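Before any comments, here is the structure.
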Amino acid sequence: MAEAVSVHGVARVFPGQEGQVAVLQGVDLEAAPGEFVAVLGASGCGKSTLLRLVAGLDTATAGEIRIGGRTVTDCDPRCAMVFQEPRLLPWKSVAQNVALGARGVPDAETPAAMLQRVGLSGSERSWPYQLSGGMAQRVGLARAFVRKPAVLLLDEPFAALDAFTRLQMGDLLREICQDRSRTVLLVTHDVDEALRLADRIVLLGGKPASIIAEYATAGHDANRLRAEILGRFGLKEVA
């Protein structure tokens with residue numbers, strides 16, 4: 001069951017050689033249950049840090065993060081995260097890698113069912129080295145979804161894929177999320193990907209970074225939104 005994500009006044013400061021480095025400051029973000037939110041921003045602005053905070057993989061210096069009204073804890077079990085690299089264990093089969101996502105989840109789906117859902121039925125006994133990049137990332141998605149997470153966190157999961165495979169994976173992701181009603185936060189540098197997949201786009205900017213703009217995608221002209229978002233980062237579309 002999808003749950004709301006609430007981020008209020010969140011800051012993250014890291015120690016540095018010349019003093020503390022503030023990466024995030026005063027971040028406020030709300031995602032409704034079942035909403036698909038894309039987070040865009042320049043490299044190094046803190047997008048991945050924000051996802052790690054929501055997942056409970058890191059701790060905010062200030063502020064509060066709640067999922068479904070409850071404060072996020074270390075490695076929050078209500079979340080599943082998919083990274084840019086599939087991060088599959090090479091000594092485990094495809095099915096065994098997917099099963100890792102189900103550990104400690106009594107009502108988890110079976111690895112075979114999830115592999116069928118992502119189009120990899122029959123690959124259960126394959127090894128990670130035998131998979132293409134797209135296939136490996138499908139395994140990563142299956143591992144995340146097998147635990148039936150309330151919140152799915154995606155850190156540029158398709159960045160290393162070719163354009164055609166990236167489109168296929170985006171369609172698959174959107175389809176699975178709709179079928180299973182999960183709240184999704186997607187970090188991406190691809191404006192077109194955000195426009196195609198997300199219900200809402202938020203822009204992270206500044207030093208330290210905070211939310212500088214939000215755009216609902218439904219019922220809005222994609223070309224106009226693309227131009228406005230690129231303009232926020234001082235970029236222009238190529239004719």
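I'd like the full set of residues that are surrounded by 16 or more Cβ atoms within 10 Å (Cβ to Cβ), touching a helix residue (DSSP H, G or I) at 6+ places or on another chain (Cβ under 7 Å) and at pLDDT 90 or above, limited to the stretch 76-100.
If the condition is that a residue be surrounded by 16 or more Cβ atoms within 10 Å (Cβ to Cβ), touching a helix residue (DSSP H, G or I) at 6+ places or on another chain (Cβ under 7 Å) and at pLDDT 90 or above, then Cys79, Ala80, Met81, Val82, Leu88, Val94, Ala95, Asn97, Val98, Ala99 are the ones that fit.
Looking only at the stretch 116-131, filter to residues that are touching a residue at least 24 places away in the same chain (Cβ under 8 Å) and within 17 Å of Arg87 (Cβ to Cβ); which one of those is most open to solvent (accessible area, probe 1.4 Å)?
Among them, the one singled out is Tyr129.
Tell me, yes or no, whether the stretch 93-109 has at least one residue that is among the aliphatic types (A, V, I, L, M) and touching a strand residue (DSSP E or B) at 6+ places or on another chain (Cβ under 9 Å).
no
Considering only residues that are of a type in the set (Gly, Ala, Ser), under 16 Å from Val72 (Cβ atoms) and over 16 Å from the mean Cα position of the chain (by Cα), which ones fall in the stretch 1-60?
Gly9, Ala11, Ala60
Taking interchain pairs and intrachain pairs at least six residues apart, which have beta carbon atoms under 6 angstrom, with the first residue in the stretch 152-181 and open to solvent by 30 Å² or more (accessible area, probe 1.4 Å) and aromatic (Phe, Trp, Tyr) and the second modelled with pLDDT of 85 or more and not in a helix (DSSP H, G or I)?
none
Please verify whether the stretch 153-171 includes one or more residues that are within 27 Å of Arg70 (Cβ to Cβ) and at pLDDT below 90.
yes
List the pairs whose first member sits in the stretch 132-149 and is under 22 Å from Asp162 (Cβ atoms), whose second member is of a type in the set (Ser, Thr, Tyr) and in a helix (DSSP H, G or I), and whose Cβ atoms are under 6 Å apart, counting only residues at least 6 apart or on separate chains?
Gly134/Thr165
What residue, among those in the stretch 101-112 that are open to solvent by 40 Å² or more (accessible area, probe 1.4 Å) and of a type outside the set (D, E, K, R), is modelled with the highest pLDDT?
Among those residues, the one meeting the criterion is Ala112.
Quick one: in the stretch 1-46, of everything that is assigned to a strand (DSSP E or B) and without any contact (Cβ under 8 Å) to a residue 24 or more places away in the chain, which residue is most open to solvent (accessible area, probe 1.4 Å)?
Gln20
State the number of residues belonging to the stretch 47-75 that are touching a residue at least 40 places away in the same chain (Cβ under 8 Å), outside any strand (DSSP E or B) and buried (at least 17 other Cβ atoms within 10 Å of the Cβ).
Selection size over the stretch 47-75: 8.
Consider Glu214 carefully, then state whether it is modelled with pLDDT of 85 or more, open to solvent by less than 80 Å² (accessible area, probe 1.4 Å) and among the acidic types (Asp, Glu).
No.
Could you list, in sequence order, all residues of the stretch 191-207 that are in contact with a Phe, Trp or Tyr (Cβ under 8 Å, 6 or more places away or on another chain), surrounded by fewer than 23 Cβ atoms within 10 Å (Cβ to Cβ) and in a loop (DSSP other than H, G, I, E, B)?
Passing the criteria: only Asp199.
The values are calculated or read from the model by the stated rules, or taken from the named source; none is laboratory data. On a predicted model such as this, the values are computed, not experimentally measured, just so you know. In this analysis, Cβ positions are derived from the backbone assuming ideal geometry, glycine residues included, and neighbour counts consider all displayed protein chains. For the accessible areas, the whole protein counts, side chains as well, though only heavy atoms, and no ligand, DNA or RNA atoms are used. Shrake-Rupley method; radii C 1.70, N 1.55, O 1.52, S 1.80 Å.
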